[in-house]
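Everything below concerns the one structure shown next.
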Amino acid sequence: MIDHDRLFKELLTTFLWEFIDLFFPNLTAYLEPDSLTFLDKELFTDVTSGEQYEADLVVKVQFRTQESFFLIHVENQANPQGDFSQRMFRYFARLYEKFDLSVYPIAIFSYNAPQRLEPNFHQVSFPDFEVLKFNYRVIQLNRLNWRDFLHQPNPVASALMSKMKMTPQERVQVKVECLRLMTTLRLDAARMQLISGFIDTYLRLSAEEEQQFQAQIRTIELNNQREEVMEIVTSWMEQGIKQGEVALILRQLNRRFGSIAPELETQIRSLAIAQLENLGEALLDFADASDLVAWLSGQTTA
């Protein structure tokens with residue numbers, strides 16, 4: 001299963017300024033760019049249901065040329081929810097109460113369907129009196145046309161195009177264009193990997209689509225751009241091989257020794273492909289889990 005919350009939080013934490021600049025340029029006009037401070041996760045308990053909810057992203061920022069601050073709250077919604085607008089208001093009210101700062105609320109709807117227009121407000125009213133109308137910003141990805149972002153020199157555009165409105169026939173083209181745009185941004189390796197992983201997660205191609213994808217890559221005119229795209233595709237293939245190796249080894253270990261400790265699983269997942277292949281052979285001679293611990297320790301000190 002895809003961990004939507006983690007993927008979007010990594011993307012927005014790394015590229016929050018670029019995200020705001022892409023969708024809310026008026027906000028960047030009065031926001032001090034060097035003042036972004038990410039707050040610890042905010043947990044809220046729904047007293048009616050007894051459930052806990054965690055706000056996705058809360059950032060303290062400063063008004064440009066002023067000493068005053070406000071909060072930006074970004075909430076990603078990966079599945080349709082009938083009472084979402086009410087939940088956005090509850091987040092707003094509790095953040096406003098806790099920090100005594102104005103809150104700029106933003107909702108991202110990242111699911112594929114339905115494509116109906118989602119509300120951007122929560123209202124409490126009577127036939128003769130409106131008590132409250134709480135408004136929040138909305139980015140509904142499945143109603144945005146990916147072609148409108150083709151020429152945006154922005155890493156968030158490169159990533160989020162993979163979640164925008166497209167026909168089944170456009171999936172291959174969108175993936176190619178996402179990568180083409182990404183290679184023009186001149187990002188460091190870690191940020192390139194973050195975006196490329198986001199794109200590959202949300203645009204997994206079938207075998208037939210993969211053939212079309214490879215053919216389209218070969219038509220990219222600039223040699224250096226084509227080489228960069230091929231490097232990314234190669235890293236995807238290597239990552240897929242590694243994930244397969246890890247899954248197989250974990251199944252074998254769990255069958256032989258029962259559930260292994262989480263810290264050992266973490267060590268296994270951090271191994272290189274060649275080390276995983278060696279472990280796959282070595283575990284045939286393991287008598288118990290202590291042999292696994294010793295083997296992993298040897299890899300660390302090697």
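Here's the yes/no breakdown for (1) modelled with pLDDT of 85 or more; (2) under 27 Å from Asn145 (Cβ atoms); (3) in contact with a Leu (Cβ under 6 Å, 6 or more places away or on another chain):
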site: Glu18; (1), (2), (3): yes, yes, no
site: Leu27; (1), (2), (3): yes, yes, no
site: Leu39; (1), (2), (3): yes, no, no
site: Thr45; (1), (2), (3): no, no, no
site: Tyr53; (1), (2), (3): no, no, no
site: Gln66; (1), (2), (3): yes, no, no
site: Phe70; (1), (2), (3): yes, no, yes
site: Asn79; (1), (2), (3): yes, yes, no
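Determine whether Asp188 is at pLDDT 95 or above and exposed (fewer than 15 other Cβ atoms within 10 Å of the Cβ).
Judged against the criteria, Asp188 is not a match.
Which of the residues spanning the range 79-127 are aromatic (Phe, Trp, Tyr), part of a helix (DSSP H, G or I) and closer than 27 Å to Met161 by Cα?
Phe84
Residues checked against (1) polar (S, T, N, Q); (2) not assigned by TED's automatic domain parsing to the domain that holds Asn79:
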site	(1), (2)
Ile108	no, no
Val124	no, no
Asn135	yes, no
Thr167	yes, yes
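Report yes if some residue within the range 181-188 is in a helix (DSSP H, G or I) and among the acidic types (Asp, Glu); otherwise report no.
no
Checking Ser158 against (1) polar (S, T, N, Q); (2) at pLDDT below 95; (3) assigned to a strand (DSSP E or B), which single condition isn't satisfied?
(3)
Of the residues Leu22, Leu16, which is in contact with a helix residue (DSSP H, G or I) (Cβ under 6 Å, 6 or more places away or on another chain) and either surrounded by 16 or more Cβ atoms within 10 Å (Cβ to Cβ) or hydroxyl-bearing (Ser, Thr, Tyr) (or both)?
Leu22
Please verify whether Phe121 is touching a Ser or Thr at 6+ places or on another chain (Cβ under 7 Å) and at pLDDT 90 or above, treating the condition exactly as stated.
Here the answer is yes, as Phe121 does meet what is asked.
Can you find, within the range 205-227, the residue that is modelled with the lowest pLDDT among those that are surrounded by 14 or more Cβ atoms within 10 Å (Cβ to Cβ) and either within 22 Å of the chain's Cα centre (by Cα) or among the aliphatic types (A, V, I, L, M) (or both)?
So the residue we want is Ile220.
The values are calculated or read from the model by the stated rules, or taken from the named source; none is laboratory data. Keep in mind the model is a prediction, meaning the values are calculated, not measured. No Cβ is skipped: glycine too gets one built from the backbone with ideal geometry, and neighbour counts run over all protein chains shown.
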